[in-house]
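Input: a single structure, listed below in structure tokens.
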Amino acid sequence: MAKKGSEARRKKRLEKHRARREEKSAKRQEAMRAPVADATLPLEDALIGADWEEKRLASLVISRRHPNRNVSFAQFLVDLDGFGLKDFGGRENAAWEVYDRWLDRSRYKRVPAGFIARMVREAIAWANAYGFPLPKGNRRLLDLPGEPDDSGPSFAFGRDGEPFLRGEEADIRWRVAQSGRSLEEFECELFPSPSKRAVRTHFVPPEYLDRADRGDPLLRLEKMASLAERWEADKEPARAEAIFKGMEPIARQVGRLADYLREYAAFLLRHERGEEALAILGRRVEAVSDPAAKAEAAMDRADLLRYLGDAIEAEKVYRSLLESAPQPDRVRLRYARFLRDTARRDEARDLCRQVIAGESGADPEANEVLRSAYQDLYDDLAALGEDKEAKALAKEAKRRGIRVH
């Protein structure tokens with residue numbers, strides 16, 4: 001009888017955990033439906049590509065943090081010589097982890113938000129003056145930089161006050177045609193357009209598509225993934241999911257079940273179905289056989305657990321992996337990021353220092369984990385205003401062949 005009572009209490013406890021996760025997930029999804037692109041939110045990052053003055057092509061990133069620690073961010077591509085605002089995109093109210101994985105901070109340097117607002121506004125005015133087409137996208141993202149000001153470095157559009165058009169010939173001809181002008185009106189440097197569009201694949205390298213037999217089940221799996229992607233892009237998620245469900249037997253047949261489960265979980269997360277994605281990621285952990293890959297899959301699931309509000313269970317996963325994973329420094333690095341996201345910065349810094357002091361330093365030039373540990377620790381120290389310690393860390397990293405930014 002005692003055993004039955006113990007089992008009943010365990011089930012009841014699990015149900016309470018599930019109910020709390022579902023409640024937090026519902027609140028998070030409700031918050032994500034609200035208008036969020038707002039320049040009054042606290043600034044997270046205002047960045048510009050480090051080589052913008054040399055290339056005359058500026059990649060700008062602006063991001064702002066929400067009370068729930070999510071981030072709205074936008075990226076603008078500004079062609080200073082030619083077309084002005086060439087492209088922009090971003091996400092509203094995305095999870096901080098999504099933003100952090102997307103942004104490669106090593107490519108950027110910080111600038112004032114008012115500088116970004118000024119460059120974007122002047123890029124739009126420059127494009128309008130010549131009738132160049134402006135990119136389509138979520139117009140609310142244009143509000144993220146806020147009001148322009150005179151801060152930051154100076155810049156000017158064009159060469160000698162006139163557009164200088166450089167790039168792929170087909171793209172430039174299309175843009176000039178949209179303006180109602182002729183190519184002969186501008187000074188140009190044209191490059192040959194590629195003969196084939198780059199192909200994004202999910203399970204095989206692009207060259208596999210050309211050499212595979214038509215009856216190859218792996219090729220069929222790849223084509224189904226591409227079809228699901230097109231249905232999703234056309235705002236038909238139900239049709240996309242029907243294809244995803246039909247992919248599983250084929251993925252199992254060709255030994256790609258773990259890869260398939262990763263793609264399916266990502267699809268579910270894009271459509272705010274966190275609990276279902278969590279279950280799929282749990283299946284993925286079981287499907288992976290390589291110990292190092294299994295640990296990575298387990299950490300992916302742990303990060304989603306934290307995102308859904310169950311930080312306690314997520315931390316159990318990380319602590320277990322510290323004892324059993326074949327590459328403990330990788331676990332320490334990701335665990336440190338987990339701790340930083342839960343406002344436990346001191347513990348996160350200690351883990352980064354363990355990675356730096358550990359065996360990963362045997363080959364610093366080739367060890368990405370060590371480089372990331374130095375960068376994460378440097379970013380944390382700089383964010384807290386501990387400039388002296390951050391500079392000392394940068395010098396130490398440099399002696400080991402690693403640059404931090």
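One table, with the values for the structure above:
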quantity	calculated
Neighbours by Cβ (under 6 Å, 6+ apart or cross-chain): first from the range 238-257, polar (S, T, N, Q); second surrounded by fewer than 18 Cβ atoms within 10 Å (Cβ to Cβ)	Gln253/Pro217
Restricting the range 348-362 to residues that are surrounded by 15 or more Cβ atoms within 10 Å (Cβ to Cβ) and either hydrophobic (A, V, I, L, M, F, W, C) or not in a helix (DSSP H, G or I) (or both), the residue that is modelled with the lowest pLDDT	Gly358
Test result for Trp126, of a type in the set (Phe, Trp, Tyr) and farther than 17 Å from Leu41 by Cα	yes
Unmet requirement for Pro42, which otherwise passes all of (1) at pLDDT below 75; (2) touching a strand residue (DSSP E or B) at 6+ places or on another chain (Cβ under 9 Å); (3) surrounded by fewer than 14 Cβ atoms within 10 Å (Cβ to Cβ)	(1)
Members of the range 283-297 that are crowded, with 21+ Cβ neighbours inside 10 Å and more than 19 Å from the chain's Cα centre (by Cα)	Arg284, Ala295
Residue match in the range 89-110 (condition: free of Cβ contacts under 8 Å to residues at least 60 places away in the same chain and more than 30 Å from Leu269 (Cα to Cα))	no
Selection count where residues are surrounded by fewer than 18 Cβ atoms within 10 Å (Cβ to Cβ) and either among the aliphatic types (A, V, I, L, M) or more than 20 Å from the chain's Cα centre (by Cα) (or both), scope the range 255-282	6
Qualifying residue in the range 199-210 (condition: modelled with pLDDT of 85 or more, among the hydrophobic types (A, V, I, L, M, F, W, C), buried (at least 16 other Cβ atoms within 10 Å of the Cβ) and touching a Gly at 6+ places or on another chain (Cβ under 6 Å))	no
Of all residues in the range 141-153 being within 20 Å of the chain's Cα centre (by Cα) and in a helix (DSSP H, G or I), the one that is surrounded by the most Cβ atoms within 10 Å (Cβ to Cβ)	Leu141
Considering residues of the range 232-245 that are part of a helix (DSSP H, G or I) and of a type in the set (Asp, Glu) only, the residue modelled with the highest pLDDT	Glu241
In the range 364-397, residue modelled with the highest pLDDT [restricted to those that are farther than 22 Å from Glu44 by Cβ, outside any helix (DSSP H, G or I) and not polar (S, T, N, Q)]	Pro364
Strands (runs of 3 or more DSSP E) fully within the range 70-112 counting 3 or more residues that are buried (at least 20 other Cβ atoms within 10 Å of the Cβ) and more than 12 Å from the chain's Cα centre (by Cα)	71-79, 84-94
Residue among Glu248, Glu189, Glu229 that alone is under 30 Å from Lys136 (Cβ atoms), acidic (Asp, Glu) and modelled with pLDDT of 90 or more	Glu229
Of the criteria (1) surrounded by fewer than 21 Cβ atoms within 10 Å (Cβ to Cβ); (2) within 27 Å of Glu92 (Cβ to Cβ); (3) of a type in the set (Ser, Thr, Tyr), which one Ser320 fails	(2)
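Residues checked against (1) surrounded by 17 or more Cβ atoms within 10 Å (Cβ to Cβ); (2) in a strand (DSSP E or B):
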| position | (1), (2) |
| --- | --- |
| Trp126 | yes, no |
| Ala129 | no, no |
| Phe132 | yes, no |
| Phe157 | yes, no |
| Gly167 | yes, yes |
| Asp171 | no, no |
| Ala177 | no, no |
| Cys188 | yes, yes |
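The values are calculated or read from the model by the stated rules, or taken from the named source; none is laboratory data. It should be emphasised that the depicted structure is a prediction, and the values quoted were computed from it without experimental measurement. Because the Cβ atoms are built from the backbone with ideal geometry, glycine has one as well, and the counts that use them run over all protein chains shown.
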